[in-house]
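Structure record follows, encoded as structure tokens.
The values are calculated or read from the model by the stated rules, or taken from the named source; none is laboratory data. What you see is a predicted model; the values in this text were computed from it and never measured. Counting neighbours? That spans all protein chains shown, and the Cβs are built from the backbone with ideal geometry, glycine included. Areas reflect the complete protein model, heavy atoms only, side chains present, ligands, DNA and RNA absent. Shrake-Rupley method; radii C 1.70, N 1.55, O 1.52, S 1.80 Å.
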Amino acid sequence: MPRAKIAGVGHYVPERVVTNFDLEKMMDTSDEWIRERTGIQERRWVEEGETVSGLGLKASEVALERAGVNKEDIDFIIFASMESDYEFPGGGCFLQEKLGLPGIPALDIRNQCSGFVYGLSVADQFIRTGMYKTILLVGAEIQSTSLDLTTRGRDMAVLFGDGAGAAVITATEEEDKGILTTHLHADGRYAKKLWAELPSVIFHPRLEPWMLETDRIYPKMEGRFVFKHAVTRFPEVIREALEATGYTIEDVDLIVPHQANQRITEAVAQRLGVSMEKVYSNIHKYGNTTAATIPICLSEAWAEGRIKDGDLVAIAAFGSGFTWASALVRW
Ligand code: COA
């Protein structure tokens, strides 16, 4: 049975840098509060006119080049994002059009911060069954335009950024190589602990002028509740992947967690009993880019030489849904 290996990773972030000091001018917050509570110093936000598929395309071009794969070899596109360029269809089709690959299937995954790891699992299954040989998996996100950029929305507004990451996943016959295992979970009981309520199909029509006058159109979160679940689920799902493969945490060369909050990442490292040197973090530069954090991390870690051929990489995500997931990858 073929295995799926990550042949190349790439990323792209918008050029516009928004620092904590820039946010101080928009709302009652401070660089000190944001750094202390989250570890974030700056994030990238798009300019008007940029699209999630456009960010995804730029990340994909880098991943394809690094993988040494021609775009014509792609036989399946998986696009993980909370949003699309327009209300519908999903961003996968817009990316496919930009790549110039008519007829190639495009699957949209909407699993928020866990979207990329869910996508990794889907790609793995399609390659193992022999259905596809070369899959482009993209995590792309534009969060900035959904945020309440006033003091009312400051708890969420300071956390999120825009960006995209991509992985080219190919079939391999090599032993103990590639995606070794993936584990997916969800618990919809907590869907409203981190969500955006409006517009909603429960209203007829689903979008009405009065909605724009409320704060219910903005993402909302019970921060402490989310924090508590995240610090439990991350180590749990990483251990699940280790148990499934017989590896221990000592065997892992690098842990790449979804970048939600530096305090969450540090708590996860502590609970797993590993030093922060073994855990990749770039949240200080980009904030939380939802489905894009993990492929952006993989791309930077690879470029910096922190992921080398043969390394064992543990990937884990947690986010809205709640959803959480892990993958163990032999690079
Ligand atoms: N700037 C300044 N003050 C802020 C603020 C901001 N951006 N956001 C919130 N505050 C204030 C609150 O209003 C509150 O004030 P009060 O005590 O007068 O009511 C105070 O800071 C503490 O708020 P609290 O929400 O209890 O802070 P916290 O220590 O829980 O930190 C988070 C908030 C959001 C950083 C933290 O809960 C968190 O990281 N949660 C998980 C987030 C996450 O990862 N989400 C995505 C998962 S994928």
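Some observations on this one:
- Full extension of the chain between Lys192 and Asp309 yields a length gain of 38.0 nm, computed as 0.36 nm times the residue separation minus the alpha carbon distance.
- Computed Kirkwood radius, in angstrom, where 1/r is averaged over Cα pairs of the chain: 19.8
- Per-peptide average of other Cβ atoms within 10 Å, ordering 268-280, 194-206 highest first: 268-280, 194-206
- Efficiency of FRET from Cβ geometry, Thr172 and Glu208, R₀ 56 Å, rounded to 0.05: 0.60
- A probe of 1.4 angstrom, applied to the heavy atoms of all protein chains, finds Val138 with accessible area near 0 square angstrom.
- Rounded to 5, percent antiparallel among DSSP beta bridges of the chain: 70
- You can think of it this way: the chain between Tyr86 and Glu72 has 2.4 nm of extra reach, that is 0.36 nm per residue less the Cα-Cα gap.
- The portion of the accessible surface of the chain made up by carbon and sulfur, rounded to a whole percent, is 51 (1.4 Å probe; DNA, RNA and ligands excluded).
- Each Lys or Arg adds one and each Asp or Glu takes one away; over the other residues whose Cβ falls under 11 Å from the Cβ of Met221, this sums to +2.
- Taking a span of 27 Å or more along the helix axis (Cα atoms) and a mean Kyte-Doolittle hydropathy of at least -0.5 as the rule, the DSSP H helices of the chain that qualify are 223-245.
- Taking all protein chains as shown and a probe of 1.4 angstrom, Lys220 keeps an accessible surface of around 80 Å².
- Taking label positions 7 Å along the Cα-Cβ direction at both Glu24 and Val201, the computed distance is 4.6 nm, reported to one decimal.
- Distance violations [Cα-Cα > 20 Å] among Lys5/Lys308; Lys285/Lys308; Lys71/Lys308; Lys192/Lys228; Lys133/Lys177; Lys177/Lys308: Lys285/Lys308; Lys71/Lys308
- If you plug the beta carbon distance of Ile217 and Glu61 into 1/(1 + (r/R0)^6) with R0 = 35 Å, you get a FRET efficiency near 0.55.
- Nitroxide proxy distance, nm - points 7 Å out along Cα→Cβ at Met131 and Met1: 1.4
- For Asp311, neighbours were defined as the other residues whose beta-carbon sits under 15 Å from its Cβ, and their charges (Lys and Arg +1, Asp and Glu -1) total -3.
- Alpha-carbon centroid distance for the pair the stretch 144-196 / the stretch 80-107, whole angstrom: 18
- Computed accessible area, Met211, all protein chains, 1.4 angstrom probe, square angstrom: 0
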